[in-house]
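Here the structure comes first, spelled out in structure tokens, and everything after it is commentary.
Bear in mind that the values in this text are calculations on the coordinates, not laboratory data. This is a predicted model, so every value here is computed, not measured. Reconstructed Cβ throughout: ideal geometry from the backbone, glycine too, with neighbour counts over all protein chains shown.
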């Protein structure tokens, strides 16, 4: 059994290798079967490991592990660990991953690079599983960087354009800043604890005496959180995620909504006992999360591109998750990761279905009235919208409510921010729905030709829709008569046998707070729906009334322009200066070529005396002899 | 190793001699037989590589001792011996040399259009002299090979180079010669000091290393000057900032194979020199000068990356990236602890693989389009998918993607550096961001975007080209996924080196272990005396964990 767990990550790798090497020779059908098949198989194996780990006495199942590297006192094993946290995440990755692979068969069928696409997507699943299941931080980092690479390749999938490769580069470099944080965090942890194996690290943390090492813990966790900011698109490193929408839509659903972007939150949960001991880091995390949630939601209010709206929505939801972590609610944060994976993947796939029906039109202002044309897409997206806005009884309701309550306990201002972001969420989601499915078709030609997608695309939509409705019941908080089952399930991973979190146990004004946020959310949703139901006229008149505000939001607070002028241009300028002045003139010119030139000049000067005429030399000899005589006999 | 088989025991000697013998044979062939030279040189280098593979298995990993020792008197009056042998550090670089050797020959078939006989003969001499540097155990012999190396490289650039080949070749020759002369002065200073203090006349590495304690008793100025002479001598070869300007010129003008050898092996001579001579012979002076050395290292790391970023010529970009990568390597060397040093040697190896690969990558498009300007390309992924894949793998290897070779070196260097110079290490990590920036930006501009008509004619890799890239790709993955065998080879020699540099290092390590045990059991009584001892042994060591890091 322990060997077969290795098949879970290796199967997708195998798929990627076959598809990548044989490529087009395989034909589309074979590529589809292999691409989807390996992920489905991995899902089946993960399910088995999940069950086995659940029945193990300590809820852990470790595969056999190898020594990956050992130098000096650094020894890094390579092995997989299935505990409640990692096996649940692996189920999400392979399960939702398989659905999105299936969807991609329909969505990408016409593309020339069909095989290349599936090779990348399978490779992504492999790296994501390394990240999730790895038993040491370096192995986690392998996955961490690997998913970044796949994300880069898939964002730049349409490489013949100018914008897609540029977006990929932006994603990679922004993430590199974060990766650096992870690397420094690992160095600090290693320098202090002498190990990078996760289980050993957490055990050692448990034995830490309070006066030693809390400083280093704060430093290390802050650095790790910088990494999480990059991967999980938090302020100020969120800038890459909206651009990442240049990739194919299923990629946005899988990588940039359901799995990869939640890796940062996963990492923090993985090291939860470490973060628990760093209160400074936790407050930074809470505020960064809160700010991100609101900031991104406000930008989402005015975007016209359907995928951009969803992208900012993702950033905002990731902010929620991070805020929960900062409030000490690791289980709550992860619960939202779980529910979000369902409804946000569904929203993106639904958007993909709409985009395909509209012949690659992504502008909301050119859609409209598609309800009748795309019934399955419409109904499934409606359910997802209800889930994300937190409609009572849907999955988002439970996970979001838990986060808002924890935020309230941390600081009431965070609760206010959270509720404001929730209101924005309701508004822009209903705006999106109204503009897409209600009203008159604003592009009659495209509307004429629109039709529902093939079964490979609608089947995943339906499955995800069912999930979006029901998965919330895995974690009904106590205030609503539940047991917050998911929190209890995750407990062994998050506390590592040391700390006992009391999440899901609501006291005080829990019900009242939930009512306020829900009613406000519903109100803003209705407001958004009514404003856009009959078209864009109302919106345009409102934009005209607040031109400055509208322009700032539309241009995303001018953050990209600021980074270009404040960081990128100066770095390029510095490079140019160092090269043309530093290298060419100073180091090479004055340091190297000048002495060389002086030597040559000196040689040429001395060569003047080498005339080759005997009388000149005789004169020299005589003068020399006279000089010597004069010196000796003066 | 079986001592009853003398032929086997001298295997490194044979491996080194094969290219020389090959060169002599090639000299006998009439010069118009181009195909004979190409295939002959390839056969020689591949045979040589295969011959060197058994060394990997023969090497005894349980000891730091020099192995395959052959010692013959050569010039007895001066104490010069023909002394051959290798430890793990030399072995790894020696194998890299035989490995890169056949790739360099193979990539030349289409690139070299004239004077084939001379070209392949010089390549063979090059191989011979580089291997000679790694196997010798005698300073005199070392210097001989060190200088011999320059001659073939000079001709490779000066005859088969680009438009400014003469300038570049002379610059390379004179610049590195200046460094060698400083090194020679240092060698002679130690040699005569040895004669004066011990009465011995001996050039062997062993006796030079044994001079370290005596050098430590000399005047401060002597020690500093000695260290500086060695430092500059090797720093030019590395090259470290500000001695690096010969490198971009040499690389840009050299033919592809020249660049491959230059980046793959020649630059490693400098770092090898640091590890083999500066650290063990003058550890105290090095520690005194360390802040300056580290400052130059970090400047080179970041400066090289920044300058690489704005280059318009692909080859120059890769050349400047070497400056940056070797800066990282030197950071590992100057950490002077096991992680840092092992990481540094790994980085030498990895740089040899990934940067050689990148120069080959540049060579491919240069042969097809006769330009290396980034702006002339774009969208090549469409017509050259195989090339695109290999280019991407080499790029990722160069920027240290985990799972490929580059990461192993980077990560271990950083782990080592952080233990002793945390802030330097943190600053150095910016080089990682910049590294990704210039490489991926290069990739984007060359491979992505719209394809123009001229570039649409470019052909993807042919079988020969795939054949010489394949070993590089395989090794890049192999090292990245399974670095342990190489780490085992390096472990003991590095340990020995660390003790030479820092005799107390492992004592502290032991102490930290004892303390950690004590803390784990929770026996405060036991921890307290250990603490006390630590304070005595090492003044700055107060909290338990800092002892572990050392200062």
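Tabulated values for the structure
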read-out	value
Acute angle (nearest 10 degrees) that the helix A:614-633 long axis makes with the longest principal axis of chain A, alpha-carbon atoms	80 degrees
For chain A: relative contact order, % (alpha-carbon pairs under 8 angstrom, 6 or more apart)	12 percent
Diffusion constant of region B:358-508 at 37 °C, which comes from Stokes-Einstein with the Kirkwood Cα-pair radius and 0.692 mPa s, µm²/s	183 µm²/s
Global geometry of chain A, whether rounded, prolate or oblate, following the gyration tensor of its Cα atoms and the 1.5 cut on a/c	prolate
Mean Cβ neighbour count within 10 Å, used as a protection proxy, ranking B:354-360, A:177-183, A:56-62 highest first	B:354-360, A:177-183, A:56-62
Sites residue B:290 and residue B:221 - FRET efficiency at Förster radius 22 Å, r taken between beta-carbons, to 0.05	0.80
Cβ neighbours within 10 Å from other chains - mean over B:121-129	0
Cα gyration tensor shape of region A:1-155, rounded if a/c is under 1.5, else prolate or oblate by comparing a/b with b/c	prolate
Descending principal axes extents, chain B, alpha-carbon based, whole Å	78, 58, 45
Relative contact order, percent, region A:1-155 [alpha-carbon distance under 8 Å, six or more residues apart]	30 percent
Whole-percent pair-distance distribution, where bins are 10 Å wide, for the alpha carbons of region A:565-634	17, 19, 18, 15, 13, 9, 7, 2
Highest-first arrangement of B:156-168, B:237-249, where packing means the average Cβ count within 10 Å	B:237-249, B:156-168
Residue A:162-residue A:48 pseudo-label distance in nm [points 7 Å out on the Cα-to-Cβ vector]	5.3 nm
Förster radius 25 Å - calculated FRET efficiency between residue B:370 and residue B:460 (Cβ-Cβ, nearest 0.05)	0.90
Within chain B, helix-based [θ] at 222 nm, where runs of 4 or more DSSP H residues each add -39,500 (n - 2.57), nearest 500	-24000 deg cm²/dmol
D_trans [Stokes-Einstein, Kirkwood Rh over alpha-carbon pairs] for the protein assembly as shown, 20 °C, 1.002 mPa s, µm² s⁻¹	66 µm²/s
Cα-based shape type of region A:64-163, given that a ≥ b ≥ c are square roots of the gyration tensor eigenvalues and the cut on a/c is 1.5	oblate
Separation of the residue B:499 and residue B:386 label points, Cα + 7 Å toward Cβ, nm	5.1 nm
Pairwise Cα inverse-distance average, inverted: Kirkwood Rh of region B:3-123 (Å)	16.0 Å
Tilt relative to chain B, helix B:524-537 - C-alpha long axis, 0 to 90 degrees, to 10	70 degrees
Chain A, helix-only ellipticity at 222 nm - DSSP H runs n ≥ 4, -39,500 (n - 2.57), divided by all residues, nearest 500	-22500 deg cm²/dmol
Projected label distance in nm at residue A:538 and residue A:634, using a 7 Å step from Cα toward the beta-carbon	10.9 nm
Exercise: per-residue mean of other protein chain Cβ atoms within 10 Å, B:486-496	2
Nearest 10 degrees, 0 to 90: helix B:314-335 Cα axis against chain B principal axis	10 degrees
Mean separation of Cα contacts under 8 Å, 6 or more apart, over the residue count of chain B: relative contact order %	13 percent
Two-site FRET efficiency, residue A:619 against residue B:167, from Cβ-Cβ distance with R₀ of 35 Å, rounded to 0.05	0.35
Residue-averaged beta-carbon neighbours from other chains (10 angstrom radius) around B:407-413	4
